[in-house]
1. Mind telling me which of the residues Leu33, Leu43 ends up being at pLDDT 95 or above and surrounded by 13 or more Cβ atoms within 10 Å (Cβ to Cβ)?
2. Could you list, ordered by first residue, the pairs with Cβ atoms under 8 Å in which the first is in the stretch 73-87 and touching a residue at least 12 places away in the same chain (Cβ under 8 Å) and crowded, with 17+ Cβ neighbours inside 10 Å and the second is part of a strand (DSSP E or B) and of a type in the set (Asp, Glu), at least 6 apart or interchain?
3. Under 7 Å by Cβ, and 6 or more places apart or on different chains, what pairs join a residue from the stretch 46-62 that is closer than 14 Å to Thr17 by Cα with one that is among the small types (Gly, Ala, Ser) and crowded, with 21+ Cβ neighbours inside 10 Å?
4. Among the candidates Ala94, Ala73, which residue alone is closer than 22 Å to Ser29 by Cα and of a type in the set (Gly, Ala, Ser)?
5. Pro28 passes all but one of (1) modelled with pLDDT under 95; (2) buried (at least 17 other Cβ atoms within 10 Å of the Cβ); (3) farther than 26 Å from Arg4 by Cβ; which number fails?
Amino acid sequence: MIRRYGEIPRRGQRYRTRPGVYAVLPMPSGVLLTVQAGDEPELQLPGGGVDPGEQPVRALHREVYEETGWLIARPRRLGAFRRFTWMPEYELWAEKICAVYVADPVRALGPPLEADHVAVVLPVEEAAVLLDDVCGGAAVRELVRTRLAV
């Protein structure tokens with residue numbers, strides 16, 4: 001069974017399954033994250049949806065690059081979670097099934113490709129508390145618990 005975070009499913013609401021991948025990226029000075037700008041900026045694990053026909057690890061590489069500008073190597077699955085949520089950018093109710101990986105940031109090729117994202121590095125303990133997504137905070141805490149942090 002995959003652990004659920006966030007709201008419980010709404011009775012009578014139909015949800016579309018939306019697979020996703022997210023990365024915990026340890027660095028010597030902390031963990032590499034992304035801030036998505038907007039009216040209320042959000043600190044997030046880099047990641048997002050897996051496109052139809054796309055393999056999850058390929059999607060992970062793509063999402064990390066788009067949101068941070070970094071290339072990654074050696075992704076290892078850390079766990080998975082699910083969330084039931086409204087996705088306003090797609091105008092749909094989704095059951096997000098998200099795999100979380102830990103990977104090595106290799107090299108920044110430039111700024112994030114997504115104009116509304118900024119790559120940041122925060123100390124691991126601070127990131128675990130500040131991540132806007134409760135699932136992201138749990139993933140970073142799991143990284144600390146398993147002593148994979150550098």
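1. Result: Leu33 is the single residue among Leu33, Leu43 that is at pLDDT 95 or above and surrounded by 13 or more Cβ atoms within 10 Å (Cβ to Cβ).
2. Once the first residue is touching a residue at least 12 places away in the same chain (Cβ under 8 Å) and crowded, with 17+ Cβ neighbours inside 10 Å and sits in the stretch 73-87, its partners that are part of a strand (DSSP E or B) and of a type in the set (Asp, Glu) give Arg82/Glu95; Arg83/Glu95; Phe84/Glu95.
3. These pairs meet every condition: Gly48/Gly20; Gly49/Gly20; Val50/Gly20.
4. Result of the check over Ala94, Ala73: Ala73.
5. (2)
Results for (1) modelled with pLDDT of 95 or more; (2) over 15 Å from the mean Cα position of the chain (by Cα), shown as yes or no for each residue.
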{"site": "Gln55", "(1), (2)": "yes, yes"}
{"site": "Arg58", "(1), (2)": "yes, no"}
{"site": "Arg62", "(1), (2)": "yes, no"}
{"site": "Tyr65", "(1), (2)": "yes, no"}
{"site": "Arg74", "(1), (2)": "yes, yes"}
{"site": "Leu78", "(1), (2)": "no, no"}
{"site": "Glu89", "(1), (2)": "no, yes"}
{"site": "Lys96", "(1), (2)": "no, no"}
{"site": "Val100", "(1), (2)": "no, no"}
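The values are calculated or read from the model by the stated rules, or taken from the named source; none is laboratory data. Note that the coordinates shown come from a computational prediction; the quantities given were computed from them, not determined experimentally. As a convention, Cβ positions derive from the backbone with ideal geometry for all residues, glycine included, and neighbour counts pool all protein chains shown.
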